[in-house]
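One structure is given here, and the rest of the page talks about it.
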Amino acid sequence: MKHIIFIIGFLILNFSNAQNLESLIEIALKNSPEIQKFELQYGIVSEKVNEVNTLPNTELGLGFFVSEPETRTGAQRFRLSARQMLPWFGNITARENYMSSLAEAKYEDIAIAKRQLITSVSQSYYNLYSNKAKQEVLVENIKLLETYKTLALTSVEVGKASAVDVLQLQIRQNELEQLKQVLEQNLLAERTRLNKLLNRDKNNAIDIEVLQIPTEDVEISTESLDLHPELIKYDKLYTSVEQSELLNLKESNPMIGFGLDYVNVQKRPEMNFTDNGKDIFMPMVSVSLPIFNNKYKSQSKQNALQQEELIAQKQERYNMLETRLEKAIRERASARINFVTQTKNLKQARDAEDILIKSYETGTIDFKDVLDIQELQLKFQINQVESVRSYFIQSAIINYLTK
């Protein structure tokens, strides 16, 4: 009878056609609308580099003289004018550099979103594993109780047990069956969540691989946090503010304008002299001076304050990520300790079960003790599954922070 119970239930689960977690992550990264959203946003910001690589609009004007003024060479009929303002040298390049720096900062949003998606898919996958493993544990315990119930019925027939013992075993079976049905409903909800992370139909089947806690953990260093995209983004935002200040300095310089006016002159009738009816061409040069430059001074102060803010925000984010990493490392270590403890407890519970079986062979058995031992075994097996789940959940968080 003891062979009915598996030694470590969740380590020998054998799900057919198991899907590799990495393949699911690839599907998620390929199909995710959130990733596509950030990629499109990055494309929009990148395209703005071309938008700023332009000159101010050329001004064209046309005017007709309602009352034609008479000049020595004839009456002026209409005026055509063209104006083009040119920014100071390097202004357009500064704009391009500023927009490029914003695009680089936006690109980090894609890297962050990918990491978050990988973590979410992994955690959902581990939740599915935990659910299936617990169901397997319950199935094995239900079968075990069925064997105990057969023993109890035999004992009732020979007067060594009462019908109450049989009913207690049946009640316990019903409770385990109820737990199994609840887990089945939770599994459907978690499967929907994972399929939606993969951006596919919620009813797609997902088979789970066997999970085993590795014998050793890789040493984790907080130095790897410096390369986390959440922190790199602050560096790139800081660079964008620097580029914004350079652009602000360029825009505080004068603008130069060039233009040309053309005035159409009508010939004076019945007169013959030099330049009669000669049209007028008047080249023009203009300068736009930022005399009232408080706007640019204020912008410089804002940029300096924004840089200080980004430094503070980056340090705050680093502290949060470091705390989160340290917590995940400790909780993963705790999961390993808990797994080892539950394994020891399960072995001792099975030793107690052996003693009960031998007692039955000698003609005495207390089915209350049977239920107590079964409940302990179930508790230890469920705790083992939870330990494995917790270990891999924390590993997913560590990977998000350090990979």
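The values are calculated or read from the model by the stated rules, or taken from the named source; none is laboratory data. Predicted model, so just to flag it, every value in this text is computed and none were measured. All Cβ positions, glycine included, derive from the backbone under ideal geometry; neighbour counts span all protein chains shown.
Considering only residues that are in a helix (DSSP H, G or I) and surrounded by 15 or more Cβ atoms within 10 Å (Cβ to Cβ), which ones fall in region 156-174? Break it down stepwise before answering.
Pass one, region 156-174, residues in a helix (DSSP H, G or I): 156-157, 163-174.
Val156, Asp165, Val166, Gln168, Leu169, Arg172, Gln173, listed by residue number.
Condition test on Phe380, is it in a helix (DSSP H, G or I), among the aromatic types (Phe, Trp, Tyr), over 21 Å from Tyr125 (Cα atoms) and modelled with pLDDT of 95 or more?
Details: in a helix (DSSP H, G or I): yes; among the aromatic types (Phe, Trp, Tyr): yes; over 21 Å from Tyr125 (Cα atoms): yes; modelled with pLDDT of 95 or more: yes.
In short, yes.
Condition check: buried (at least 17 other Cβ atoms within 10 Å of the Cβ) and in a helix (DSSP H, G or I). Does Leu325 satisfy that? Can you show your working first?
Details: buried (at least 17 other Cβ atoms within 10 Å of the Cβ): yes; in a helix (DSSP H, G or I): yes.
Spelling it out, Leu325 is indeed buried (at least 17 other Cβ atoms within 10 Å of the Cβ) and in a helix (DSSP H, G or I).
With the checklist (1) among the β-branched types (Val, Ile, Thr); (2) in contact (Cβ under 8 Å) with a residue 40 or more places away in the chain; (3) not in a loop (DSSP other than H, G, I, E, B) in hand, flag the one item Ile206 doesn't pass.
Condition (3) is where Ile206 drops out.
Do you know which of the residues in region 77-119 that are surrounded by fewer than 17 Cβ atoms within 10 Å (Cβ to Cβ) and small (Gly, Ala, Ser) is farthest from Asn264 (Cα to Cα)?
Ala111
Counting only residues that are surrounded by 12 or more Cβ atoms within 10 Å (Cβ to Cβ) and not in a helix (DSSP H, G or I), which one in region 8-43 is modelled with the lowest pLDDT?
Checking each candidate, the answer is Ile8.
Just the residues that are part of a helix (DSSP H, G or I), under 15 Å from Tyr107 (Cα atoms) and not polar (S, T, N, Q), please, taken from region 214-265.
Quick first cut of region 214-265, residues part of a helix (DSSP H, G or I) only: 222-227, 229-251.
Checking which are under 15 Å from Tyr107 (Cα atoms) leaves us with 227, 229-240.
Once the filter is applied, which keeps residues that are part of a helix (DSSP H, G or I), under 15 Å from Tyr107 (Cα atoms) and not polar (S, T, N, Q), region 214-265 yields Leu227, Pro229, Glu230, Leu231, Ile232, Lys233, Tyr234, Asp235, Lys236, Leu237, Tyr238.
Does Ser100 fit the bill of being polar (S, T, N, Q) and in contact with a Leu (Cβ under 7 Å, 6 or more places away or on another chain)?
Working: polar (S, T, N, Q): yes; in contact with a Leu (Cβ under 7 Å, 6 or more places away or on another chain): no.
No; evaluated as a whole, the condition is false for this residue.
Just give me the residues in region 336-375 being acidic (Asp, Glu) and farther than 24 Å from Ser387 by Cα, in sequence order. I'd like the intermediate steps shown before the answer.
Taking region 336-375 first, the residues acidic (Asp, Glu) are 351, 353-354, 361, 366, 369, 372, 375.
Matches in region 336-375: Asp354, Glu361, Asp366, Asp369.
Checking the condition part of a helix (DSSP H, G or I), aromatic (Phe, Trp, Tyr) and in contact with a strand residue (DSSP E or B) (Cβ under 8 Å, 6 or more places away or on another chain), which residue from Tyr129, Tyr98 passes?
Details: Tyr98 fails: in contact with a strand residue (DSSP E or B) (Cβ under 8 Å, 6 or more places away or on another chain).
Result of the check over Tyr129, Tyr98: Tyr129.
Condition test on Pro229, is it under 30 Å from Leu325 (Cα atoms) and modelled with pLDDT of 90 or more?
Values: under 30 Å from Leu325 (Cα atoms): yes; modelled with pLDDT of 90 or more: yes.
In short, yes.
Among (1) among the β-branched types (Val, Ile, Thr); (2) modelled with pLDDT of 90 or more; (3) under 30 Å from Arg332 (Cα atoms), where does Thr239 come up short?
The single condition Thr239 does not satisfy is (3).
Please determine, by comparing only the residues of region 267-322 that are among the charged types (D, E, K, R) and part of a loop (DSSP other than H, G, I, E, B), which one is farthest from the chain's Cα centre (by Cα). Break it down stepwise before answering.
Of all residues in region 267-322, those among the charged types (D, E, K, R) come to 267-268, 270, 275, 278-279, 295, 297, 301, 308-309, 314, 316-317, 322.
Among the residues that remain, those that are also part of a loop (DSSP other than H, G, I, E, B) are: 267-268, 270, 275, 278-279.
Details: Lys267: 76, Arg268: 79, Glu270: 85, Asp275: 76, Lys278: 72, Asp279: 68 Å.
Top of the filtered list is Glu270.
Out of region 361-372, which residues are assigned to a helix (DSSP H, G or I) and surrounded by 19 or more Cβ atoms within 10 Å (Cβ to Cβ)? Show your work before the answer.
So in region 361-372, the residues assigned to a helix (DSSP H, G or I) come out as 361, 367-372.
Those that are assigned to a helix (DSSP H, G or I) and surrounded by 19 or more Cβ atoms within 10 Å (Cβ to Cβ): Phe367, Val370.
Going by what's in this entry, would Asp261 be described as of a type in the set (Asp, Glu) and more than 30 Å from Gln36 (Cα to Cα)?
Numbers: of a type in the set (Asp, Glu): yes; more than 30 Å from Gln36 (Cα to Cα): yes.
It is true that Asp261 is of a type in the set (Asp, Glu) and more than 30 Å from Gln36 (Cα to Cα).
What is the residue count in region 254-297 for residues that are free of Cβ contacts under 8 Å to residues at least 24 places away in the same chain, under 30 Å from Glu68 (Cα atoms) and of a type outside the set (Asp, Glu)? Step through it out loud before you land on a result.
Start the filter on region 254-297 by keeping residues that are free of Cβ contacts under 8 Å to residues at least 24 places away in the same chain, which leaves 269-274, 279, 281-282, 291-292, 294-295, 297.
Right, trim to under 30 Å from Glu68 (Cα atoms) and you get 269-274, 279, 281-282.
With of a type outside the set (Asp, Glu) added as a condition, the list becomes 269, 271-274, 281-282.
Residues that pass the stated criteria total 7.
Could you list, in sequence order, the residues of region 323-360 that are more than 21 Å from Asn141 (Cα to Cα) and either among the charged types (D, E, K, R) or touching a Gly at 6+ places or on another chain (Cβ under 9 Å) (or both)?
Hits for region 323-360 are Arg324, Glu326, Lys327, Arg330, Glu331, Arg332, Arg336.
For region 189-206, give me each residue that is closer than 29 Å to Thr341 by Cα and modelled with pLDDT under 95.
Kept after step one, since they are closer than 29 Å to Thr341 by Cα, are these residues of region 189-206: 190.
Matches in region 189-206: none.
Kindly evaluate Leu153 against the criterion of being without any contact (Cβ under 8 Å) to a residue 24 or more places away in the chain, part of a helix (DSSP H, G or I) and aliphatic (A, V, I, L, M). First the steps, then the outcome.
Details: without any contact (Cβ under 8 Å) to a residue 24 or more places away in the chain: yes; part of a helix (DSSP H, G or I): yes; aliphatic (A, V, I, L, M): yes.
Yes.
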